[in-house]
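Trainee: Quick one: the structure is below, questions incoming.
No value in this document is a laboratory result; all are computed from the given coordinates. None of the values given here were measured: they were computed from a predicted structure. Backbone-built Cβ (ideal geometry, glycine too); neighbour counts: all protein chains shown.
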């Protein structure tokens with residue numbers, strides 16, 4: 001079975017400790033990353049900042065993070 005992880009970042013919370021890893025769901029194929037964004041009141045810049053924060057979280061965590 002493939003390993004899955006989910007990272008959830010909230011607007012305004014961009015420190016790695018604010019983005020805890022959790023169990024993810026299996027994708028239709030392995031070695032896939034999907035991004036699901038709810039950006040109702042978010043600017044493009046804020047969305048990019050949150051994505052960068054997720055990258056920082058992955059970089060600073062042990063691998064795999066769970």
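Trainee: Conditions first: (1) part of a loop (DSSP other than H, G, I, E, B); (2) over 11 Å from the mean Cα position of the chain (by Cα). Residue 59 passes all but one, so which condition is the exception?
Mentor: (1)
Trainee: Would you check which residues across the stretch 12-39 are touching a helix residue (DSSP H, G or I) at 6+ places or on another chain (Cβ under 6 Å) and either over 14 Å from residue 51 (Cβ atoms) or surrounded by 14 or more Cβ atoms within 10 Å (Cβ to Cβ) (or both) and list them?
Mentor: 14, 16, 19
Trainee: Could you check the stretch 17-56 and list, in sequence order, the residues that are in a loop (DSSP other than H, G, I, E, B) and touching a strand residue (DSSP E or B) at 6+ places or on another chain (Cβ under 6 Å)?
Mentor: Residues satisfying the conditions are 19, 24.
Trainee: Taking the condition of being without any contact (Cβ under 8 Å) to a residue 24 or more places away in the chain and within 15 Å of residue 12 (Cα to Cα), how many residues in the stretch 53-66 meet it?
Mentor: Final tally of qualifying residues: 0.
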